[in-house]
Amino acid sequence: MGKKILSGIFVVCILLMGAVLTLGILVAGPAPAGANEVLSKTPSLTDRDGKFNTSVLSDTADWLADHFFGRQELISCHNRLCTWVFGNSPSEDVILGKEGWLYYASTLDDYTGTKPMTQQQLFWAGNNLKLMAQYCQENGREFVFVIAPNKNSLYPQYMPDFAVVADGKNAQRLHQWLQENAVPYVDLFAAFADQSGLYFAHDSHWNSKGAALGADVINGALGVKSNYFADGFSKSAAHSGDLYEMLYPAFADTEQNPIYGGQLKFTYTSKATKPDSITLLTHGEGEHTLLCYRDSFGNLLYPYLADSYADARFSRSTAYDLTQAGDRVVIELVERNLAYLYTYLPVMPAPERTVSLPEAAGTISVEVKTVKQPENFLCVQGALPVASEAQIYVVCEGGVYEAFCLKDNGFGAYVPAGQTVLGIAYYQNGELRYLTAQ
């Protein structure tokens with residue numbers, strides 16, 4: 001009899017718990033996403049074609065699992081218990097370091113050298129930057145590329161012991177390639193090497209102090225004087241780290257962000273004013289104009305740069321449009337995302353080259369589209385049958401143009417409109433090959 005009573009109590013408790021977690025949605029609303037979470041969409045009875053959605057029951061189950069009442073609190077308590085008892089993070093996105101430090105799990109491959117760039121990928125990234133730099137320089141514009149270091153590249157002492165630091169990281173290999181090929185870049189690894197307290201312990205990014213030093217180094221490379229880092233950071237304000245929010249979405253973070261001691265005098269000339277806006281337009285007190293492509297590291301970086309230039313455009317677009325105005329051009333990219341350099345096609349006229357073409361060795365499928373930007377140009381894209389070892393050329397009636405190298409043996413280029421694409425030339429085993437377009 002006792003066992004039956006206990007079993008009954010257990011069943012009732014489970015049912016009550018399920019009812020509370022589910023019905024709580026009606027009272028408090030669906031649980032919000034934590035940090036960078038992407039939750040299941042609200043289920044629909046119809047699909048995109050307007051027909052009955054046969055997956056509506058599984059979609060509903062997924063939605064309830066992501067939005068039940070108290071979800072964030074339960075996740076936070078579970079994760080806190082796991083970090084205390086087992087000493088590691090139960091989140092696949094967060095690495096629990098020493099002394100409470102947290103690291104982004106996506107940086108682990110860079111840290112350990114598990115997935116190094118191939119020589120071809122290194123060439124693709126470097127040569128694409130070289131083409132962008134040459135385009136800017138030929139138009140009288142200063143260009144620099146800057147890698148925002150992963151936190152564990154600068155502060156490896158707090159990483160867990162299971163992770164071993166690799167030699168010859170992608171960032172250093174790319175820096176060497178750029179140096180050997182005279183492509184302007186800013187080495188923040190060297191600039192930050194002897195400084196402490198530039199990154200958050202609970203966030204994947206630099207803090208305001210680190211951003212200030214980064215801005216000073218970038219400005220120096222562009223011939224613009226600034227000394228934000230030396231102006232002091234005597235006060236601080238509460239900051240909720242992105243990694244802390246991933247691990248403990250319902251708990252309050254106690255970390256502080258240093259507050260800049262000087263005065264920034266820039267103003268916004270765009271309606272958008274939030275740090276993570278896709279495009280920000282600003283007006284400052286400097287002499288030059290700036291075009292800056294940045295990622296989330298730019299959220300704390302851009303105020304200093306905005307203050308340093310008469311007019312500035314900050315964009316989070318991954319397709320770098322270099323036809324936008326700015327006599328100073330900056331491309332900032334975090335270390336863990338260097339593959340973006342050969343993933344997205346930059347927007348600029350392809351440079352014309354002089355090439356002696358061999359006899360055609362076959363055919364290749366090429367996609368040609370008329371585009372609005374840049375005006376009077378065609379976008380030519382496709383994929384080679386093998387990975388390119390060097391430059392790729394788009395052969396047209398009016399000339400030969402060097403293309404950007406893209407992942408999966410891809411290529412892309414913006415060539416003048418009003419002409420026919422005849423074929424694609426590329427190098428294989430050190431020999432130039434030519435395929436006619438079809």
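The values are calculated or read from the model by the stated rules, or taken from the named source; none is laboratory data. The model shown is predicted, which means the values in this text are computed figures rather than measured ones. All Cβ positions, even for glycine, are placed from backbone atoms using ideal geometry, and neighbour counts span all protein chains on display. These area figures cover heavy atoms from the full protein model, side chains too; ligands, DNA and RNA do not enter into them. Shrake-Rupley method; radii C 1.70, N 1.55, O 1.52, S 1.80 Å.
Need one number: % antiparallel among DSSP beta bridges in the chain, to the nearest 5. Intermediate values should be presented prior to the final figure.
On the way: 50 of 72 bridges.
Close to 70 percent.
Could you run the Karplus curve 6.51 cos²θ - 1.76 cosθ + 1.60 with θ = phi - 60° over the range 399-408 and give me ³J(HN,Hα) per residue in whole Hz, x for Gly and Pro?
Along the range 399-408, the couplings run x, 10, 10, 7, 9, 6, 8, 10, 4, 6 Hz.
For the range 280-415, what is Rg from Cα atoms divided by 2.2 N^0.38 Å, rounded to two decimals?
Ratio of Cα Rg to 2.2 N^0.38 Å: 1.24.
Could you order Lys372, Lys4, Lys51 so the one with the most accessible surface comes first? Probe is 1.4 Å.
Numbers: Lys372 185, Lys4 160, Lys51 135 Å².
Order by accessible area, largest first: Lys372, Lys4, Lys51.
Ignoring ligands, DNA and RNA, what accessible area per residue does the chain give at 1.4 Å, in Å²? Don't skip to the answer; put the middle values down first.
Numbers: 21740 Å² over 438 residues.
Each residue of the chain exposes 50 Å² on average to a 1.4 Å probe.
Which of Lys225/Lys274; Lys235/Lys271; Lys130/Lys151; Lys98/Lys209; Lys225/Lys372 have a Cα-Cα distance over 32 Å? Intermediate results must be reported in sequence, preceding the final value.
On the way: Lys225/Lys274 26 Å; Lys235/Lys271 30 Å; Lys130/Lys151 27 Å; Lys98/Lys209 22 Å; Lys225/Lys372 37 Å.
From the list (Lys225/Lys274; Lys235/Lys271; Lys130/Lys151; Lys98/Lys209; Lys225/Lys372), the Cα-Cα distance tops 32 Å for Lys225/Lys372.
Taking 45 Å as R0, compute the FRET efficiency from the Cβ-Cβ separation of Asn376 and Phe251 and round it to 0.05. If you can, show how the numbers build up before the last one.
Working: r = 55 Å, r/R0 = 1.23.
According to the calculation, E is roughly 0.20.
May I ask you to list the residues of the range 361-392 whose amide nitrogen lies under 20 Å from a point 7 Å from Cα along the Cα→beta-carbon direction of Glu138?
In the range 361-392, the label zone of Glu138 (backbone N under 20 Å from the point 7 Å along Cα→Cβ) covers 371, 373-381, 390-392.
How would Glu397, Glu359 line up by accessible area, probe 1.4 Å, largest first?
Per-residue accessible area, sorted high to low, gives Glu359, Glu397.
Please find the FRET efficiency linking Phe162 to Ser234, where r is the Cβ-Cβ separation and R0 is fixed at 41 Å, and quote it to the nearest 0.05.
Values: r = 38 Å, r/R0 = 0.93.
E between Phe162 and Ser234, to the nearest 0.05, is 0.60.
Among the lysines, select those whose C-alpha is under 16 Å from the C-alpha of Lys369, and discard any that sit fewer than 8 residues away in the same chain.
none
Do the sum for the chain: with -39,500 (n - 2.57) for every DSSP H run of n ≥ 4, divided by all residues, what is the mean residue ellipticity at 222 nm, to the nearest 500 deg cm²/dmol? Could you put the intermediate results ahead of the total?
Numbers: 11 runs with 131 residues, N = 438.
Taking each H run of at least 4 residues, the total per residue is -9500 deg cm²/dmol.
Round to a whole number: what % of the accessible area of the chain belongs to carbon and sulfur, probe 1.4 Å? Don't skip to the answer; put the middle values down first.
On the way: 11580 of 21740 Å².
Percent of accessible area from carbon and sulfur atoms in the chain: 53.
Quick one: ranking His78, His175 by accessible area, 1.4 Å probe, largest first, what do you get? Each step should come with its number before you reach the end.
Working: His78 100, His175 10 Å².
Largest accessible area first, the list is His78, His175.
First obtain the Kirkwood hydrodynamic radius of the chain from its Cα pairs, then insert it into the Stokes-Einstein equation at 20 °C and 1.002 mPa s, and state the resulting D in µm² per second as a whole number.
Numbers: Rh = 25.0 Å.
In µm²/s, the coefficient is 86.
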